[in-house]
Amino acid sequence: MIAAAFLRALSQVTDSRFRRVLALGLALTIGLLVALWVATLELVRWFTPDTLTLPWLGEVTWLDTAASAGSVLILLLASTVLMVPVASAFTGLFLDRIADAVEARHYPALPPARSQTMSEQVTGSLGFFGLIIAANLIALAVWPFTGPFAPLLFWALNGFLLGREYFTLAALRHLTPAQAKRLYRTNRLTIWAAGILMAAPLSIPLVNLFIPVLGAATFTHIFHALKKRSP
């Protein structure tokens, strides 16, 4: 079921609605990261003196250059870590459009989806962003102690979070929160496994940017399959 859902989602990736959501998420992400770069470099230049007299070294004139270079390295690392969760958070604002596109093509007989307010979508997206950031910070903290098992930890942790988020996104379009929670609990291992499938490519640059869109589409199919076979 998971593989079939993923392949059906992948076959629709050229849909104009998919491309539009991806472009919106990427544009907002790049804009935010560029603004962060500019603001950080300006702050470093503001607080770093042009010259500084140090014991034994005398007058140092390259401190601001060194601080700027160090800031660039830190920002590069931060951008690498934050690109996926930030893109996921921004794209999450528009993932209902992905589910709409999937259901219009594959499930045309469905009744209209339950409409969610903008505040619900923003709250869900920000909550997901916080979870992903926290999970990745924890994974980075324990990475040195897990050796060859580090990728497995990353996939398992992010797979759990991605699976829960994307399944909830799809389920709340047609179920009440209580019904969605019951269906999730009944099928949590299947959902976790599907989430790991989404998490595995997160470590592949550029490919990882497509994961929010593919995840929403894949879990829309998974939700309908699980709902169909649930008692």
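Observations, loosely collected:
- Meets criteria (part of a helix (DSSP H, G or I) and open to solvent by less than 20 Å² (accessible area, probe 1.4 Å)) for Ala216: yes
Residue by residue, here is whether (1) charged (D, E, K, R); (2) at pLDDT 65 or above; (3) open to solvent by 50 Å² or more (accessible area, probe 1.4 Å) holds:
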| residue | (1), (2), (3) |
| --- | --- |
| Ile2 | no, yes, no |
| Leu10 | no, yes, yes |
| Arg19 | yes, yes, yes |
| Thr29 | no, yes, no |
| Ala67 | no, no, no |
| Leu77 | no, no, yes |
| Thr80 | no, no, yes |
| Ala99 | no, yes, no |
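Here is a yes/no grid of residues against (1) in contact with a Gly (Cβ under 8 Å, 6 or more places away or on another chain); (2) in contact (Cβ under 8 Å) with a residue 60 or more places away in the chain; (3) open to solvent by 20 Å² or more (accessible area, probe 1.4 Å); (4) within 30 Å of Arg20 (Cα to Cα):
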site: Ala150; (1), (2), (3), (4): no, no, no, no
site: Asn158; (1), (2), (3), (4): yes, no, no, yes
site: Thr176; (1), (2), (3), (4): no, no, yes, yes
site: Ile196; (1), (2), (3), (4): yes, no, yes, yes
site: Phe223; (1), (2), (3), (4): no, no, no, yes
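- In region 115-133 there is no residue that is at pLDDT 85 or above, more than 25 Å from Phe6 (Cα to Cα), among the hydrophobic types (A, V, I, L, M, F, W, C) and open to solvent by 20 Å² or more (accessible area, probe 1.4 Å).
- Residues satisfying the stated conditions in region 147-205, i.e. β-branched (Val, Ile, Thr) and under 20 Å from Leu126 (Cβ atoms): Thr168
- The residues of region 156-170 that are within 18 Å of Phe210 (Cβ to Cβ) and under 13 Å from the mean Cα position of the chain (by Cα), listed by number, are Asn158, Gly159, Leu161, Leu162, Gly163, Glu165, Tyr166.
The values are calculated or read from the model by the stated rules, or taken from the named source; none is laboratory data. Quick caveat, the model's predicted, so the values are computed rather than measured. A quick note on method: Cβ atoms are made from the backbone with ideal geometry, for glycine too, and the neighbour counts reach across all protein chains shown. Surface areas here come from the heavy atoms of the whole protein model, side chains and all, with no ligands, DNA or RNA. Shrake-Rupley method; radii C 1.70, N 1.55, O 1.52, S 1.80 Å.
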